[in-house]
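The values are calculated or read from the model by the stated rules, or taken from the named source; none is laboratory data. Source: prediction; values computed, not measured. Note: ideal-geometry Cβ built from the backbone for every residue, glycine included; neighbour counts use all protein chains shown.
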Number of protein chains: 4
Amino acid sequence: MLQENDQKCIDECLKCMQACNLCYDACLKEDNVKMMASCIRLNRECADICSFAAEAMSRNSEFVKHICGMCVEICQTCGAECDKHKATHCQECAEACHECAETCQKMIG
Amino acid sequence: MLQENDQKCIDECLKCMQACNLCYDACLKEDNVKMMASCIRLNRECADICSFAAEAMSRNSEFVKHICGMCVEICQTCGAECDKHKATHCQECAEACHECAETCQKMIG
Amino acid sequence: MLQENDQKCIDECLKCMQACNLCYDACLKEDNVKMMASCIRLNRECADICSFAAEAMSRNSEFVKHICGMCVEICQTCGAECDKHKATHCQECAEACHECAETCQKMIG
Amino acid sequence: MLQENDQKCIDECLKCMQACNLCYDACLKEDNVKMMASCIRLNRECADICSFAAEAMSRNSEFVKHICGMCVEICQTCGAECDKHKATHCQECAEACHECAETCQKMIG
């Protein structure tokens, strides 16, 4: 059994992973892909670390704090990039990134 | 926006990934680790493909059906192994594996 | 100790993973990113499955043949897309994809 | 084109990933699996972060230093555990872990 905080952190990471991948897919279909290049790149970075962190937490890795610290940094950077764009997928992704960063930060303590 | 079926499949894969990693962690703490060696090994295989499939679906990969087909096979194998053991973590993991295999199978059509 | 064929297959997968990620990075820096959208998307798919396959082979997974079969399909698709573009990174990536697909196909037998 | 240092770091990470997964497979086949439980667990942690770091470096991720810093920590921990065991697979894995930690440390500067 995981503790409540850990489960919340896993849930936020997995929600953020999905929002980032959905945003990545949508950015690659935009007319102006060039404008979304940084967003595409950061979406992948963020989806991959969120997925990695969720796996690490669920297997009770002893490195969870370090891994979630990396998640905070990458989520903040991706969220800040998504904040710049008006598309709904970017706005929703930004929100998921900021929430995930906050939850990971709390978990680290 | 993902279709309802896809979202259900992502959810089942992520639930199964967590059940497998939790079972993996618990098996490694059992007194009789040797008896759990196959379970440990399959838990990792299954967690990793479920995580991979969830990422692929959420980024709208064109290879989703092939990837989920692999998920079906690995979930069935892991579920069958977990069925052999009485520990709660194995029983819960078996259930998650069988549900994930079924949902992926439906998604493939 | 891995058998010679398996090691060659791991090596090709890891070479292909690197070529795909290098091509992904370069495509995102091109002036005409829109023209490279499919390439970017396939580079990520291909890098991720190659990395997954290399991990699976090196841990002696019982699902190696199925996983490498997926690798063949994705490498062929990515290689065919890269073939369409004249940039050196695409040409080199195409070559790595075709070689990896061929090696995986031989391994499956 | 990657710089020489980056390529060396990718190579060491991928070598370490393979050594860890080979050690993981071999540990699960040992008569005394219980004695190897920590080693099995750390082998997976280490293989997964090494693979993650190699992908990040090859796609020119802006988070490479943070990711490689995590690699240093996990490689050192896994190497120290492998050092305790006499089996050839553990000794070879320990060596790969220590080399990878050192190379990542140099790369971070």
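For region D:67-109, residues that are modelled with pLDDT of 95 or more and either under 20 Å from C:Y24 (Cβ atoms) or of a type in the set (V, I, T) (or both) total 7. Every listed requirement among (1) within 9 Å of chain B (Cβ to nearest Cβ); (2) modelled with pLDDT of 95 or more is met by A:L2 save one, (2). Whenever a residue of region A:82-109 is touching a residue at least 40 places away in the same chain (Cβ under 8 Å), its partners that are of a type in the set (V, I, T), lying with C-beta atoms within less than 7 angstrom and at least six residues away or across chains, give the pairs A:C104/A:V72. Can you name the residue in region B:25-35 that is surrounded by 19 or more Cβ atoms within 10 Å (Cβ to Cβ) and part of a helix (DSSP H, G or I) and is also nearest to the other protein chains (Cβ to nearest Cβ) among such residues? Ranking the candidates gives B:L28 first. Does C:S38 meet the test of being among the small types (G, A, S), at pLDDT 95 or above and farther than 30 Å from D:D25 by Cβ? Against the criterion (among the small types (G, A, S), at pLDDT 95 or above and farther than 30 Å from D:D25 by Cβ), C:S38 qualifies. Residues that are hydroxyl-bearing (S, T, Y), over 21 Å from A:F52 (Cα atoms) and in a helix (DSSP H, G or I) do occur in region B:74-92. Scanning region C:55-72 for residues that are over 13 Å from C:C13 (Cα atoms) and assigned to a helix (DSSP H, G or I) returns C:K65, C:H66. Might you let me know whether region D:77-98 holds any residue that is touching an Asp or Glu at 6+ places or on another chain (Cβ under 6 Å) and within 13 Å of another protein chain (Cβ to nearest Cβ)? No, region D:77-98 contains no residue that is touching an Asp or Glu at 6+ places or on another chain (Cβ under 6 Å) and within 13 Å of another protein chain (Cβ to nearest Cβ). Within region A:40-68, if we keep just the residues that are more than 13 Å from A:C100 (Cβ to Cβ) and of a type in the set (G, A, S), the residue that is surrounded by the most Cβ atoms within 10 Å (Cβ to Cβ) turns out to be A:S58. A single member of C:I74, C:I10, C:I67 is within 12 Å of chain D (Cβ to nearest Cβ), within 16 Å of the chain's Cα centre (by Cα) and among the β-branched types (V, I, T), and it is C:I10. So which residues in region D:77-101 are over 11 Å from the mean Cα position of the chain (by Cα) and either more than 12 Å from D:C20 (Cβ to Cβ) or of a type in the set (V, I, T) (or both)? Within region D:77-101, D:A80, D:D83, D:K84, D:H85, D:K86, D:A87, D:T88, D:Q91 qualify.
Just checking, how many residues over region B:36-61 are free of Cβ contacts under 8 Å to residues at least 12 places away in the same chain and away from chain A (no Cβ under 11 Å)? Number satisfying all stated conditions: 2.
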